[in-house]
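Just below is one structure, and these are the notes that go with it.
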There are 2 protein chains.
Amino acid sequence: MDTVNIAAKLAQIGDHWNPRIIGEVNDFQVKAVKLRGAFDWHHHVEEDELFLVVKGTLTMNFRDRTATVGPGEFIVVPHGVEHQPVAEQEVEILLFERATTLNTGTERTARTREQLERL
Amino acid sequence: MDTVNIAAKLAQIGDHWNPRIIGEVNDFQVKAVKLRGAFDWHHHVEEDELFLVVKGTLTMNFRDRTATVGPGEFIVVPHGVEHQPVAEQEVEILLFERATTLNTGTERTARTREQLERL
């Protein structure tokens, strides 16, 4: 029941596409992560995924359109929907999603992160 | 899959202690709400509750201590834990919690809000 300062958690992160757990709400987690560059296209079979931008501008590519998410904005990607997060410049975000959510979706790749660190 | 601007949603709210749904993530909801004054002591039997402060300073009273939550900070109140949110001045927050979460916890009072509006 400690107060969590989001910027202070993000300041501890020095790499990209490597989510850290900074909060837990029942079976959901809050993850802090820095993004830079283009991630792989993927989808999640069961989990919806909320991206809340703290700093920078996130581009979310879908197969039929593109969304832009700036600071103080969020987007929810429903399960089953293919998406590709792109950060042309560094972006700092929070993810709100089920603890079971794998960052690369249905594929395990070199970018898959499991057993996430808690900050 | 639209981008949601949090400040724009909060700007539509003219009352207090009346959460609006601004996002859904599986069985969880993101709610926007303005607070002013002291709410009733309550707890939730099953639902943890995340309070993320956008503007102002939230005081969260527990039976044995008090936490302060400012802009860019959040606190998670675990299920079963009695708490009293207090906003000495107006506070704007997001709640992230299961859709089943009743604002007054185990009691239904004049402050209970059900069938929440979607903004």
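Taking θ as phi - 60° and the Karplus parameters 6.51, -1.76 and 1.60, the scalar couplings of segment B:18-34 work out to 10, x, 10, 7, 10, x, 9, 9, 6, 8, 9, 10, 9, 10, 9, 7, 9 Hz in sequence order, x denoting glycine and proline. Taking Cα centre as origin and charging only the Cβ of basic (Lys, Arg, +1) and acidic (Asp, Glu, -1) residues, the dipole magnitude of chain A rounds to 320 debye. Between identical copies, the spacing of A:Leu102 label points, each set 7 Å from Cα toward the C-beta atom, reads 4.0 nm from nearest to farthest.
Each principal axis of the Cα cloud of segment A:48-110 was evaluated for its coordinate range; sorted largest first, these ranges are 28, 27, 24 Å.
Karplus-derived 3J(HN,Hα) values for segment A:61-76, using 6.51 cos²θ - 1.76 cosθ + 1.60 with θ = phi - 60°, are 8, 10, 5, 10, 6, 10, 10, 10, 10, x, x, x, 10, 9, 9, 10 Hz; glycine and proline are entered as x. GNM on chain A, alpha-carbon springs under 10 angstrom: the most fluctuating residue among A:Thr109, A:Thr57, A:Thr101 is A:Thr109.
Only loop residues by DSSP count here, and only those with at most 13 other Cβ atoms within 10 Å; note down the chymotrypsin sites (Phe, Trp or Tyr not before Pro) in segment A:16-119 that meet that. Qualifying residues, ordered by number: none. In this rough spin-label picture, where each label sits 7 Å from Cα along the Cβ direction, the B:Arg111-A:Glu117 distance is 4.1 nm. In the protein assembly as shown, the C-alpha radius of gyration followed by the widest Cα-Cα span (Dmax) gives 17.4, 54 angstrom. Label-point spacing at A:Ala7 relative to the other copies reads 1.4 nm, in ascending order, each point sitting 7 Å out from Cα along Cα→Cβ. Accessible surface buried at the A:B interface totals approximately 2900 Å², computed with a 1.4 Å probe on protein heavy atoms. Here is the size of chain A from its Cα atoms: Rg then Dmax, 13.2, 42 Å.
Ranked from shortest, the separations from the 7 Å Cα-to-Cβ label point of B:Arg113 to its equivalents in the other copies are 3.4 nm.
Over all residues in B:66-73, what is the mean tally of Cβ atoms on other chains that come within 10 Å of each residue's Cβ?
Values: counts 0, 3, 1, 3, 2, 3, 7, 6.
Partner Cβ neighbours, averaged per residue: 3.
Charge tally for A:Ala99 (other residues, Cβ to Cβ under 10 Å; Lys, Arg +1; Asp, Glu -1): -2.
The values are calculated or read from the model by the stated rules, or taken from the named source; none is laboratory data. If you're wondering where the values come from, they're calculated on a predicted model, not measured in any experiment. Don't worry about glycine lacking a Cβ; one is built from the backbone with ideal geometry, like all the others, and counts go over all protein chains shown. Protein only, heavy atoms only, side chains kept; ligands, DNA and RNA dropped before computing areas. Shrake-Rupley method; radii C 1.70, N 1.55, O 1.52, S 1.80 Å.
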